[in-house]
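One structure is given here, and the rest of the page talks about it.
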Amino acid sequence: MASLKVALLGVALAMLSACAAQTPANSPAPSLSTQQRFAGRPGVTVLAADAIAAPVRGQTLYVPVYAEIFDADQNRTFQLTVTLSLRNTDRDQPIAITSLDYYNSGGDRVVAYLDQPIQLGPLASTEVVIDSRMDRSANRSDVAGGVGANFIVQWQSAAAVSDPVVEAVMISSASQQGMSFVSPARVVDELPPE
């Protein structure tokens, strides 16, 4: 009889803990400052907005990402985790990332990752991760990203540099089914020299 009471008490506690307040899976990540996101990462320096030298070179990049893709039909989607990788390929000069914004399928900005610029040292890299749990929803118009999500990245440098490599890696291994693929950035605008 005592073991039955213990078992029932355990079930009741489990049910109560399941009722605890939880963040909805489609809620955007909490807002973090650039300092909170990037300070302390190797090769990355958070810059003051007025600390950027006059640009000699720069670009605006569009990076298509897929927070979810269709599986079998339009009513069923497969959730993906997105890693946006930003890599300075120059061996001698740093580059500054001045804007890093995540947009959903409707073209609405979901997250602005920078409130001040960051600098990537020579051959340094950094990343931003969009967890697939951030994008789950039965109604795709309410998700953070969706099948047409993208990043807009702006970078510049105070010296001639090689182009950075900016690409997104999408991955998922749900339900014993794994997939991964890469989506490279596309140049949408060249920063003209001043």
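FYI, it's all coordinate maths here, none of it is from the lab. Quantities reported herein were computed from a predicted structural model and do not represent experimental measurements. Every residue, glycine among them, receives a Cβ derived from its backbone with ideal geometry; neighbour counts consider all protein chains shown.
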Seminar exercise, completed: Sorted on mean Cβ neighbours within 10 Å (highest first), peptides 83-90, 103-110 come out as 83-90, 103-110
Problem set entry | Using a Förster distance of 22 Å, the FRET efficiency for residue 173-residue 129 (Cβ separation, nearest 0.05) | 0.90
For this session: Starting from the Cα-Cα distance between residue 48 and residue 92, subtract it from 0.36 nm times their residue separation and give me the gain in nm to one decimal.
Result: 13.7 nm
Problem set entry | Ordering of 45-57, 145-157 by burial proxy (mean other Cβ atoms within 10 Å per residue, highest first) | 145-157, 45-57
Problem set entry | Difference of contour (0.36 nm per residue) and Cα-Cα distance, residue 191 to residue 109 | 27.3 nm
Exercise. Fully extended, how many nm does the chain gain between residue 99 and residue 69 (0.36 nm per residue separation, minus their Cα-Cα distance)?
Worked result: 8.2 nm
Problem set entry | FRET efficiency for residue 41 and residue 116, using Cβ-Cβ distance with R0 set to 22 Å, rounded to 0.05 | 0.90
Problem set entry | Over the range 54-99, relative contact order from alpha-carbon pairs under 8 Å, at least 6 apart, % | 23
